[in-house]
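Q: Encoded as structure tokens, here's the structure I'll be asking about.
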Amino acid sequence: MSTGNSWKGTMLMATAVRRKKLSAPIPHPELTKLRMTLGRLGRVLRQQTDEELSYALTSLLFTIGRSEPATASELADSEKVTPPSVSRSLNRLEALGLIDRAPDAHDGRVTRVRLTSKGRKEREDILRSRDIWLSEHLRQLSEQEIANLIAALPALERLCDPQLPPTS
């Protein structure tokens, strides 16, 4: 490994450490199928909109909508990206008229980010488009299959919780 790019080297080492921790074989092929299917469903839903925003910008737009008013630092933590990356994305969203930045009411040194009415409409349009696609495709399933999906939602939501401790 080259020492010329310490960031890349650090990322490679972190990946190797994660792989060692996760090197136990997956006990059931269904786990792999579940992971791949959920990932594919997410990609398909993202592709069903005519949005001109990248995945990163769309994700940030949705995060702002859920947590506004938020600071850039809070958004970076939530999105699991670096503050400079969020700053660039916020600049792009602001240039598109989708967000506003304003000083915090209690601490003028802090800047808060909010969706503009255009940003809210864009977010709602994306959600509506994805909901329409999903509704149309759910019609292909039986009532029992739909009930099974709904019954699985609490478990899937728990898996998405970053605070969920591993059981080892």
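Bear in mind that the values in this text are calculations on the coordinates, not laboratory data. As the structure is a prediction and not an experimental result, all values here were calculated from the model. All Cβ positions, even for glycine, are placed from backbone atoms using ideal geometry, and neighbour counts span all protein chains on display.
Q: Based only on other Cβ atoms within 10 Å, what is the fewest-to-most ordering of Val81, Val44, Val86?
A: Details: Val81 16, Val44 13, Val86 23.
Listed from fewest to most nearby Cβ atoms, that is Val44, Val81, Val86.
Q: Okay, moving on. Taking amide H positions as placed in the peptide plane 1.01 Å from N, state which residues far from Ile99 in sequence (5 or more) or on other chains have amide H under 5 Å from it.
A: Placed amide hydrogens put Glu94, Thr116 under 5 Å from Ile99.
Q: Could you work out the per residue convex hull volume over the alpha carbons of the stretch 51-160, in cubic angstrom?
A: Details: hull volume 13.7 nm³, N = 110.
So the per-residue hull volume is 125 Å³.
Q: Highest mean first, what order results for 127-136, 103-112 on Cβ atoms within 10 Å?
A: Details: 127-136: 12.8, 103-112: 10.8.
With the highest mean Cβ count within 10 Å placed first, the list reads 127-136, 103-112.
Q: For Ala70, enumerate residues with amide H under 5 Å from its amide H, sequence gap 5+ or separate chain, H modeled in the peptide plane.
A: Here the answer is Val113, since their amide H atoms fall under 5 Å of that of Ala70.
Q: In whole Hz and in residue order, list the ³J(HN,Hα) couplings for the stretch 31-44 that follow from phi through the Karplus curve 6.51 cos²θ - 1.76 cosθ + 1.60, θ = phi - 60°; x for Gly and Pro.
A: 5, 5, 5, 4, 4, 5, 5, 5, x, 5, 4, x, 5, 4
Q: I've got another one for you. For the stretch 87-111, list residues with backbone N below 19 Å from a point placed 7 Å from the Cα of Glu68 toward its Cβ?
A: Flagged as within label range: 87-106, 110-111.
Q: To make sure I understand the rule: partners must be aspartates and glutamates, Cα under 20 Å from the Cα of Lys121, and not fewer than 8 residues away in the same chain. Which ones qualify?
A: Correct list for Lys121: Asp50, Glu51, Glu52, Glu68, Glu94, Asp100, Asp131.
Q: Also, I was wondering about something else. Take Glu74, Glu122 and order them by how many other Cβ atoms sit within 10 Å, fewest up front. Kindly include the intermediate steps, with their values, before the conclusion.
A: On the way: Glu74 16, Glu122 23.
Neighbour counts put them in this order, fewest first: Glu74, Glu122.
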